[in-house]
1. So which GluC sites (Glu not before Pro) in region 8-51 pass both tests, a DSSP loop state and at most 11 other Cβ atoms within 10 Å of the Cβ?
2. Let me check I've understood the local charge: for residue 20, count other residues with C-beta under 13 angstrom from its C-beta, Lys and Arg +1, Asp and Glu -1. What total comes out?
3. For n ≥ 4 DSSP H runs only, could you compute -39500 (n - 2.57) per run for the chain, divide by its residues and tell me the 222 nm figure to the nearest 500?
4. Once the piece of chain linking residue 8 and residue 20 is laid out straight, how much longer is it, given 0.36 nm per residue of separation minus the C-alpha distance between them?
5. Taking the Cα atoms of the chain alone, what are Rg (to one decimal) and Dmax (as a whole number) in Å?
6. Please determine, in degrees from 0 to 90 and to the nearest 10, the orientation of helix 33-48 with respect to the longest principal axis defined by the Cα atoms of the chain, where the helix direction is its Cα long axis.
7. Of the trypsin sites (Lys or Arg not before Pro) in the chain, which ones lie in a loop per DSSP and count no more than 13 other C-beta atoms within 10 Å?
8. Per residue, how much accessible area does the chain show when a 1.4 Å probe rolls over the protein heavy atoms, in square angstrom?
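The values are calculated or read from the model by the stated rules, or taken from the named source; none is laboratory data. Given the structure is predicted, the values throughout are model-derived calculations rather than measurements. When we count neighbours, we look across all protein chains shown, and the Cβ atoms used for this are built from the backbone with ideal geometry, even at glycine. Please note that ligands, DNA and RNA were not included when accessible areas were found on the heavy atoms of the full protein model with its side chains. Shrake-Rupley method; radii C 1.70, N 1.55, O 1.52, S 1.80 Å.
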Amino acid sequence: MGQREKETIKLTEKEEELIRAIRNYQKSFPNGYPQLLYYIQQLVDELTDLP
């Protein structure tokens, strides 16, 4: 396979927060699992809310 070219993209604060929450999702099981899942869903809702 060929080498992929890296692309740098700028993220908003909310997008960065969502990525961090998703990365920590499995680490939180079982203690923080339900709260973190709810938080991730809230962030997705905020990011996909159309004006």
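1. Here no GluC sites (Glu not before Pro) fit, given the DSSP loop and packing criteria.
2. Its environment carries a net charge of -1.
3. Estimated from H runs of four or more residues: -18500 deg cm²/dmol.
4. Using 0.36 nm per residue and subtracting the Cα-Cα distance, I get 2.6 nm.
5. In Å, with Rg to one decimal and Dmax whole: 14.4, 42.
6. Helix 33-48 and the main axis of the chain meet at about 50 degrees.
7. Loop-located and lightly packed - 4, 6, 10.
8. Result: 102 Å² of accessible area for each residue.
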